[in-house]
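What follows is a single structure, written as structure tokens, with notes after it.
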Amino acid sequence: VIPRVVLAPLAGGPFTPELAAAVSNAGGLGFVAAGYLSAETLRERIRATRALTDRPIGVNLFVLHEQPVDEAAVAAYGERLAREGFELGEPHFDDDELAAKIQVVAEERVPVVSTTFGPPPTELVARVPEVWATVTTPEEARRALAAGARVLVLQGAEAGGHRGSWDDADGPDLPVRELVAQTRGLGVPLVAAGGLDHVPQGADAVQAGTAFLLCPEAGTSEPHRRALAEGRATAVTRAFTGRRARGLVNRFMTEHEDAPKAYPHVHHLTAPLRAAARAAGDPEALNLWAGAGAAPRAQPAADVVARLGA
Ligand SMILES: Cc1cc2nc3c(=O)[nH]c(=O)nc-3n(C[C@H](O)[C@H](O)[C@H](O)COP(=O)(O)O)c2cc1C
């Protein structure tokens, strides 16, 4: 049985064990975001979350396969950012320690694991009781089920954060209600995600991210919280990471609309400048992931779970 309210995995800072545990304790399903952590830190985060709740929790894994990127375009973007005076890192591919993380979720007996950016790996399906797959098209949905997913997380165009699409195509992206309508006949539970503050018709649950970003339990940075409270518009950009993602509009985003398609290369390139902006409390050079139209409130996670599930 799927709880009606699922906490979106929130990699890159907003996830905390306190937030995931609070959601599970309130009758939702809290997710541990594995993205960008080492496998051993993931193990610590799972244990820290479990220390705060006896209820089920999930873990979300990035499934990244190396694709050819336009190296010249990445280098040119780096040169431009250097000219603009930004502190930069070394662009490169890494697979986010997928194999080691599958080992960790299996050893820690995590009951639910969701995947993002690619099909559920065979090794994961073999070792975890229930695999959920994030999909953005009916085609990805069919392929996810063929790979062994038991539940589909339908990520619509409105969603905050990275597009979970398997090919990072330029779009257009299907709105979440459209995606629900087009996958209803597949016979598996559907978890809908993207700018939602309720369970939409035809879906079994809502997976919400932005709605939880202002919770006291969240690790959302201070400039991100301030920008969210201002109620800015959102847009989709590759400027911060090289992969399409939705966030609140800020200066860095509007000044770098032609950033190349190269993930996670550009993520590594811009990591130092984003960290510097965060430390300086500057929301203009920081990725401010947020969904379209979501209006998060500064209230405890348990209250958000109650509101979304009502
Ligand atoms: C700050 C932030 C971080 C996110 N990190 C992840 C992640 O690590 N894995 C993932 O599958 N989705 C991630 N997402 C996307 C969510 O799973 C979900 O699709 C999205 O939050 C739904 O839209 P909403 O934010 O409007 O509720 C993230 C979203 C946000 C806002």
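The values are calculated or read from the model by the stated rules, or taken from the named source; none is laboratory data. Since this is a predicted model, take the numbers as computed values, not measurements. Ideal geometry is used to build each Cβ from the backbone, glycine not excepted, and the neighbour counts take in all protein chains shown.
Quick notes on this one:
- Among the residues of region 167-216, those identified as part of a loop (DSSP other than H, G, I, E, B) and in contact with a His (Cβ under 9 Å, 6 or more places away or on another chain) are Asp168, Leu213.
A quick yes/no check of all residues on (1) surrounded by fewer than 20 Cβ atoms within 10 Å (Cβ to Cβ); (2) among the small types (Gly, Ala, Ser); (3) part of a loop (DSSP other than H, G, I, E, B); (4) within 16 Å of the ligand (Cβ to nearest atom):
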{"residue": "Thr53", "(1), (2), (3), (4)": "yes, no, yes, no"}
{"residue": "Val59", "(1), (2), (3), (4)": "no, no, no, yes"}
{"residue": "Ala75", "(1), (2), (3), (4)": "yes, yes, no, no"}
{"residue": "Phe86", "(1), (2), (3), (4)": "yes, no, yes, no"}
{"residue": "Asp94", "(1), (2), (3), (4)": "yes, no, yes, yes"}
{"residue": "Lys101", "(1), (2), (3), (4)": "no, no, no, yes"}
{"residue": "Ala106", "(1), (2), (3), (4)": "yes, yes, no, no"}
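- The set of residues in region 2-22 being within 13 Å of the ligand (Cβ to nearest atom), assigned to a helix (DSSP H, G or I) and farther than 24 Å from Gln103 by Cβ consists of Leu19 alone.
- Tyr36 vs. criteria within 25 Å of Thr115 (Cβ to Cβ), touching a residue at least 60 places away in the same chain (Cβ under 8 Å) and touching a Gly at 6+ places or on another chain (Cβ under 9 Å): yes
- Residue in region 42-51 that is assigned to a loop (DSSP other than H, G, I, E, B) and under 21 Å from Asp96 (Cα atoms) present: no
- Test result for Thr41, under 21 Å from Pro129 (Cα atoms) and of a type in the set (Ser, Thr, Tyr): no
- Put simply, of Pro300, Pro296, Pro264 the only residue that is modelled with pLDDT of 95 or more and either away from the ligand (no atom under 13 Å from the Cβ) or β-branched (Val, Ile, Thr) (or both) is Pro300.
- Within region 174-195, the set of residues being crowded, with 22+ Cβ neighbours inside 10 Å and touching a residue at least 40 places away in the same chain (Cβ under 8 Å) comprises Leu179, Thr183, Val191, Ala193, Gly194, Gly195.
- Candidates Phe212, Phe252, filtered to the one that is closer than 29 Å to Asp94 by Cβ and within 12 Å of the ligand (Cβ to nearest atom): Phe212
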